[in-house]
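Below you'll find the structure, written out as structure tokens, and then a few comments.
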Amino acid sequence: MMYLDRPPLLIETKVFSAMPDRFRRTGVRSTWADANRPGLETDCFIEGPSFDADDNLYIVDIPFGRVFRIAPDGAWTLVIEYDGWPNGLKIHPDGRILVADYRRGIMQLDAAAGRMHPVLTARNSESFKGCNDLHMASNGDIYFTDQGQTGLHDPTGRVYRLSLDGRLDCLIDTGVSPNGLVLDPAERVLFVAMTRDNAVWRLPLMKDGSISKVGRFCSTFGSSGPDGLTMDRAGRLFVAHASLGHVFVFAPNGELIARIRSCAGQSCTNVAIGGANSDRLYITESVTGTVLVADIGVLDDER
């Protein structure tokens, strides 16, 4: 697979569905928004897209502690509203819905009952800085980021692995705002978006489960940085950028091969692959409360 000497492909998006007005909290203050979007009107801030077995798309609304389910026809249903700040959400093939909650740690959602149950709320009796996103390995291990308010001024963000047997390993504690994360198809490398470093780090996993020779896989620019990540079966990395209005697509060797342009706002925060042939990319544009969709099947046509 060769991409060298080709200009990056430009892929356009269209609106899949936008949050209905009846769910928008216009004029309502939020402590989360006061800290993370000071002075800006925030009637929602959506994140964490993930599909269930029936092709329903689940997303979170961070400042107002809500999880929504969007049907294939674009209709929205409020699944739960609770006292938390759900940031990342992933659905395991076995149906479990896990949430990285900035205030409460790792939670599990019982969608049928409309209840949240704690999975992991602290490490050695110490609260997390602020959990951001998570990824589940095929063996059931949960990888998650503990971002808090870290950045270049405070490079103490953490990346954890919670094994199925309950063991918690801190893989890295020098992260510069660790955010979205994803394993490669062979599950030998963990990619982590470091938002305030404006980069994606590559964390090779050793046979004993530790990491070594961590490096920057790719770098970007802008007032924010890489946010949510996903990867397709070909090993192409999709990077949502929270201030540039694009999702950037990188080949397995790190070359930029495509950019997917938002037709809504500039805050592309997370991504999920869907469609019958896994040829559609769904993108949360957080500020406008819009879910975008793009045809990524064209990437295979370019090879």
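Note on the range 96-144: residues that are within 22 Å of Thr31 (Cα to Cα), aliphatic (A, V, I, L, M) and in contact (Cβ under 8 Å) with a residue 40 or more places away in the chain amount to 3. Per the listing Gly74, Gly27, Gly84, Gly39, the residue uniquely of a type in the set (Gly, Ala, Ser) and in contact with a Gly (Cβ under 6 Å, 6 or more places away or on another chain) is Gly84.
Scanning the range 220-263 for residues that are polar (S, T, N, Q) and over 15 Å from the mean Cα position of the chain (by Cα), we see that the one that is surrounded by the most Cβ atoms within 10 Å (Cβ to Cβ) is Ser262. Residues that are part of a loop (DSSP other than H, G, I, E, B), modelled with pLDDT of 95 or more and either on the phi > 0 side of the Ramachandran plot or in contact with a Pro (Cβ under 8 Å, 6 or more places away or on another chain) (or both) within the range 130-166 comprise Gly130, Gln147, Gly148, Thr150, listed in sequence order. Among the residues making up the range 57-81, none is surrounded by 17 or more Cβ atoms within 10 Å (Cβ to Cβ), part of a loop (DSSP other than H, G, I, E, B) and more than 17 Å from the chain's Cα centre (by Cα).
Of the residues making up the range 263-277, just one is free of Cβ contacts under 8 Å to residues at least 40 places away in the same chain and either of a type in the set (A, V, I, L, M, F, W, C) or touching a Cys at 6+ places or on another chain (Cβ under 7 Å) (or both), namely Ala276. Just one of the listed residues (Pro252, Pro185) is under 21 Å from Met136 (Cα atoms), touching a residue at least 60 places away in the same chain (Cβ under 8 Å) and out of contact with any Ser or Thr (no Cβ under 8 Å at 6 or more places or on another chain), and it is Pro252. Based on this model, can you work out whether Arg104 counts as buried (at least 21 other Cβ atoms within 10 Å of the Cβ), within 20 Å of the chain's Cα centre (by Cα) and among the basic types (Lys, Arg)? So Arg104 passes the test.
The values are calculated or read from the model by the stated rules, or taken from the named source; none is laboratory data. This is a predicted model, so every value here is computed, not measured. FYI the Cβ positions are ideal-geometry reconstructions off the backbone, even for glycines, and counts take in every protein chain you see.
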